[in-house]
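Data block below; observations after.
What follows is calculated from the coordinates using simple rules that are stated; it is not laboratory data. Just so you know, these numbers come straight off a predicted model, no measurement behind them. Quick reminder, even Gly has a Cβ in these numbers, built from the backbone with ideal geometry, and neighbours come from all protein chains shown.
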Amino acid sequence: MTALNVALAIVIRNGRVLVQHRLRAKLGMVYEFPGGKVDFGESIEEGAKRELYEETGLQDLLFTKSYSYTKKDNTTISFVILNLAHSLQEPFETNSLRKQSFHWLTLDEIPISSFQELDQSFIQQELKKYIK
């Protein structure tokens, strides 16, 4: 069985992080970072940037750093820090079925308990280094 690699785009601009609120078929409306499966032959950074573009239309972000965690099921989740400080781009809904809305949030504004467990740990341990 091939290991699954997932890359989440952690987009930082002016001390805030991009969070999306979207529809997931099995979960209903959820808060999450844009991202998804890394394709064969892609680096984690490339996968995060591609998924970000597909989900938000954002592009040309500057890579800062990535944090990777392997779960018990051998899935690797990578949080890829991308900087949008040099741009006035705004995310937009790219698929109306997702019912997406986007929010630029400070650390105190993030609804942490609404995120997946690993995301919560990342927010509390690492994200605070990048946003206010």
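Under a 10 Å cutoff between Cα atoms, tell me which one of Ile12, Ile112, Ile81 has the largest fluctuation in the Gaussian network model of the chain.
Of Ile12, Ile112, Ile81, the Gaussian network model singles out Ile112 as fluctuating most.
Place a +1 charge on the Cβ of each Lys and Arg in the chain and a -1 charge on the Cβ of each Asp and Glu, then give the dipole magnitude about the Cα centre in debye, rounded to the nearest 20.
Rounded to the nearest 20 debye, it is 260 debye.
Between Gln124 and His103, take the C-beta separation as r, use R0 = 25 Å, and let me know the FRET efficiency to the nearest 0.05.
It comes to 0.85.
Please identify the longest segment of the chain free of exposed chymotrypsin sites (Phe, Trp or Tyr not before Pro), where exposed means a DSSP state other than H, G, I, E or B and no more than 16 other Cβ atoms within 10 Å.
Of all site-free stretches, the longest is 41-91.
Rounded to the nearest 5, what is the percent of antiparallel bridges among the DSSP beta bridges in the chain?
In the chain, approximately 75 percent of DSSP beta bridges are antiparallel ones.
Classify region 55-132 as rounded, prolate or oblate from the Cα gyration tensor: take a ≥ b ≥ c as the square roots of its eigenvalues, call it rounded if a/c is under 1.5, otherwise prolate when a/b beats b/c and oblate if not.
Rounded shape, in that the Cα axes give a/c under 1.5.
Across region 12-120, how many lysine pairs separated by 8 or more positions, or lying on different chains, have Cα atoms within less than 25 Å?
12
For the chain, what value does the Rg/Rh ratio take when both radii are computed over Cα atoms and Rh is the Kirkwood radius, given to two decimals?
Rg divided by Rh gives 0.93.
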